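Step one of this worksheet: look at the structure below.
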Amino acid sequence: MSPAPEAAAPARVRVTSTRRAAATRRGLAPLSHDIGEQTDLGEVYMAGLMSAQLRLALRVLAFGAAGLGGLPLLFVLVPATRGMELGRLPLPWLVLGILVYPVALVVARYYVRASERVEREFLDVVARR
């Protein structure tokens, strides 16, 4: 018996996708692009930043309200503090007129530093992705 003649081999075809209209995969866009384009993911990250800033602001506000609101309450509940004097000035005047301002400056400095820390952490998260 003679060998059967071999059929002509079909041309080789390279298959890149099972679908002809398949989208090609591009690299991941940076998170800053999602934030700038206001996509759903960008909105989630911005909502996280805003809620962290809001929590910080509410903590500072609560501390200020308790501190400033507590001083008049102290003077009402403890009558001896109303009559105290340092030098010739009444204690309530000294506390409310002089002591409040350095405390407010310290609280403001804390708020600015904590706010910058929250923003720095947010930027670190954005840069990692």
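Of the residues making up the stretch 47-96, those that are aliphatic (A, V, I, L, M) and more than 29 Å from the chain's Cα centre (by Cα) number 14. Scanning the stretch 101-120 for residues that are within 13 Å of the chain's Cα centre (by Cα) and in contact (Cβ under 8 Å) with a residue 12 or more places away in the chain returns ALA114, SER115, VAL118, GLU119.
All of LEU89, LEU58 fail the test of being surrounded by 10 or more Cβ atoms within 10 Å (Cβ to Cβ), hydrophobic (A, V, I, L, M, F, W, C), farther than 26 Å from ARG117 by Cα and at pLDDT 70 or above, apart from LEU89.
With respect to the conditions (1) in contact with a helix residue (DSSP H, G or I) (Cβ under 7 Å, 6 or more places away or on another chain); (2) at pLDDT below 70, THR81 lacks only one, and its number is (2).
The values are calculated or read from the model by the stated rules, or taken from the named source; none is laboratory data. Since this is a predicted model, take the numbers as computed values, not measurements. Quick reminder, even Gly has a Cβ in these numbers, built from the backbone with ideal geometry, and neighbours come from all protein chains shown.
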